[in-house]
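Heads up, the thing below is written out as structure tokens.
The values are calculated or read from the model by the stated rules, or taken from the named source; none is laboratory data. Just so you know, these numbers come straight off a predicted model, no measurement behind them. Because the Cβ atoms are built from the backbone with ideal geometry, glycine has one as well, and the counts that use them run over all protein chains shown.
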Amino acid sequence: MIIHCPECKKDVSSLAIKCPHCGYPYPYQKSPEVKEIFQKKRKEFQRRKKKCPRCDYADNFPHIYTDHPEDHYALEGRLYFTVFYECQKCKHVYSEEVFLD
Ligand SMILES: [Zn+2]
Ligand SMILES: [Zn+2]
């Protein structure tokens, strides 16, 4: 995904470790575009229940710990954050990667 560098406002890849134009480090961390997508995804996933892979109990809501774009990581060329679930029945903890694109 193409974002705008928070410093020089030029186009830069959301995965760049620095802006190719001005050298600003990790432009996505301070990018309003990335933050907006993150907040949208966060809201969407807050209400999503996921079945426990161990006991099949289906009524588990996620815990989303990350609230900062600094906590987004790049995996196979995509930005993501991790959503954690704890099963209310068997206490098994499991997680899911949520991609921003
Ligand atoms: Zn820049
Ligand atoms: Zn369970």
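Descriptive notes on the structure:
- Condition check for Gln39: away from ligand 2 (no atom under 14 Å from the Cβ), surrounded by fewer than 13 Cβ atoms within 10 Å (Cβ to Cβ) and modelled with pLDDT under 90: yes
- Answer residue from region 17-37, given it is of a type in the set (A, V, I, L, M, F, W, C) and out of contact with any helix residue (DSSP H, G or I) (no Cβ under 6 Å at 6 or more places or on another chain) and is farthest from ligand 1 (Cβ to nearest atom) among those: Ile37
- Filter result for Arg47 (at pLDDT below 90 and more than 30 Å from Ile17 (Cβ to Cβ)): yes
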